[in-house]
């Protein structure tokens, strides 16, 4: 049994080992964020996670040792340094609800998964849907498409926003969508119009996923893909809804994990 | 081999012997009796009463799937031009015909006649047409119109007329005669066995449940392939006795039953233990399923052909989504479950199409959560371990919060 009350200096760690990036969030007993960081996952993400935890701890103000650690994300099963592993669904829901208690729908678009989570007024997961075994509508899709268009992935969204007429990309498969994009380019299409078409294709796929569980406002968009302004615009336009994007959308899952760690460490 | 984490049944050795005897006798002990291949929803009682030996490619291919031979045989069929989108039972069966050397038991023995009933799906028609071509054997297709609402008189007489055609057709093809007295006896045996199967399933309303769905999946084989025989009846008497004993002594299928779930769709044969173990890790037991309930419907015994026609025309896969969601919600309240899991089975279109609509309807009716898992019954290439694990974990965590 752990002590029932928290010492004021107690700290809690959330680690999110995703397919493309590793995220770490350190919080205090009052749930304030003491440190956070994101790095590319590399091979398997385990080493990157260990280094990043070290880095976050060193960068944070001095305090007690970490009382409890929760790990989430695809690398969670192999990460031995955690007290507990929880699914990304639970962690994203918790993190999003903490940042925005009005949120009832969370759309998380990560490296290899996109998921739509419905949460109730108490922040509990009411229902969820995840993409099937397919990379369409994920960060990986955007990376592949950025490669095809010859632009850095971070600039892809802004490029799409410059379009005056999005081209149609009918396929929802990453591999086929890439060849569609390439044939558009071969016919001399403007790069921004191809980019805009790709963003619309992703947005419509994610909204299709959202329709399975139903969308109720407020809607929060999390995950690395939320950094892409072109996609946010495409989602808002096609879905006819306003999206809330947190300041640091990539760490919402790790924040949720840290909040669970705080809850569990308190018991 | 992954071990099961639920209690083994004492009758499992008897089941294994029974199934071995069934396959061996169809191959070696026919003594001149013709051999028919049937779909799982075909009225076997008629053939049984005529002394025709029957085999079920669906049962055989499920067995190939459980041995993880499904994908290899599917690939054989794909190399012959069959699409990967085709049902994996069909592909596995065709693969076993094309390459018998590779197939478990070297495939099924060559049929003399084929009977396909489309009450379970439309694929069986094209599948059996292909088999008929490959072996140059005759095929009878029994057409049971899809029931958008109740079964109508015209629908029933349409099916009865075809049953009469079927009897004449089998008599012509095999030179055997249908004795109505023998048919009555076969139907009586089949009904008696069906009642036992229903009782076994109903015992799972107990807490803890004496069986987990994988037990039902494994033990359903005789109710399908040996329906209307004394051997099946004997087996289910023994199984019922064992399950009753478990209930009397409060013995559950899994060590600690914390959650009770309903299963929808055909089993994931190639990951039977591994997949259901994930749920056992969370103390979750599948106490009821829609799949094995497909064989718990009795035939009215008055007008024999009419009774058989009615039972086979009204199987749940031949009925509307409304009927199916009502059935599911009904089972959920009867068995006191906390949620449900639907296998979105790439192979089985009639079972999987509309699952999201059923899910929404059932969630609204019961207020209980449902999870959809994407996989395939027989083709292990459509099974992605990690995404499936993540979904199960998230679902069980959200159940825990309730």
statement: Percent antiparallel among DSSP beta bridges confined to chain B, nearest 5, equals 0 percent
field: Computed Kirkwood radius, in angstrom, where 1/r is averaged over Cα pairs of the range B:227-300
entry: 14.5 Å
Cα-based convex hull, the range B:12-180, per residue volume (Å³, whole number): 142 Å³
task: Within the range B:230-252, find all residues whose amide N lies under 14 Å from a label point positioned 7 Å from the Cα of residue B:21 along Cα-to-beta-carbon.
output: B:230-239
- prompt: Roughly what angle does helix B:230-248 make with the longest principal axis of chain B, taking Cα atoms, 0 to 90 degrees, to the nearest 10?
  reply: 10 degrees
statement: Convex hull around the C-alpha positions of the range A:105-245: the volume in Å³ per residue is 91 Å³
task: Mind giving me the nanometre distance, one decimal, between the label points for residue B:125 and residue A:154, set 7 Å out from Cα along Cα→Cβ?
output: 5.9 nm
query: With labels modelled as points extended 7 Å from the Cα through the Cβ direction, what inter-label distance (nm, one decimal) is found for residue B:72 paired with residue B:10?
result: 3.7 nm
query: Mean residue ellipticity at 222 nm from the helices of the protein assembly as shown, using -39,500 (n - 2.57) per DSSP H segment of n ≥ 4 over the full residue count, to the nearest 500 deg cm²/dmol?
result: -15000 deg cm²/dmol
Estimated FRET transfer efficiency when R0 is 51 angstrom, pair residue A:132-residue B:179 (beta carbons, to 0.05): 0.45
field: Between 0 and 90°, nearest 10: helix B:12-28 axis offset from chain B longest Cα axis
entry: 20 degrees
message: Suppose we keep just the alpha-carbon trace of the range B:182-401; what are its Rg and Dmax in angstrom?
response: 17.5, 57
field: Theoretical gain in end-to-end length, residue A:247 to residue A:182 [0.36 nm per residue, Cα-Cα removed]
entry: 20.0 nm
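Please quote Rg/Rh for chain B to two decimal places, taking the Kirkwood radius as Rh and restricting both calculations to Cα atoms.
Computed over Cα atoms, the ratio is 0.95.
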- line: The simple spin-label model distance between residue A:170 and residue B:146, using points 7 Å out along Cα→Cβ, in nm, is 2.5 nm
- request: Using only Cα atoms, tell me the angle between helix A:191-213 and the longest principal axis of chain A; keep it within 0 to 90° and round to the nearest 10.
  value: 50 degrees
message: Assuming 0.36 nm per residue, please report the length gained on full extension of the stretch residue B:84 to residue B:102 beyond their Cα-Cα distance.
response: 4.6 nm
Between the range B:55-81 and the range A:41-110, the Cα center-to-center distance that results, in Å: 42 Å
message: Taking every DSSP beta bridge with both residues inside the range A:105-245, roughly what % is antiparallel (nearest 5)?
response: 60 percent
task: Run through all the Cα pairs of chain A and give the fraction in each 5 Å bin from 0, expressed as whole percent.
output: 1, 6, 13, 17, 17, 15, 12, 8, 5, 3, 1, 1, 0, 0
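Just subtract the alpha-carbon distance of residue B:389 and residue B:338 from 0.36 nm times their residue separation and send over the number in nm, one decimal.
Full extension from residue B:389 to residue B:338 adds 16.4 nm.
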query: Computed from the mean reciprocal separation of all distinct C-alpha pairs, what Kirkwood hydrodynamic radius does the protein assembly as shown have, in Å?
result: 27.4 Å
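How much of the DSSP beta bridge set in chain A is antiparallel, as a percent to the nearest 5?
The antiparallel proportion sits near 65 percent.
None of the figures in this text is laboratory data; all of them are computed from the coordinates on show. This is a predicted model, so every value here is computed, not measured. All Cβ positions, even for glycine, are placed from backbone atoms using ideal geometry, and neighbour counts span all protein chains on display.
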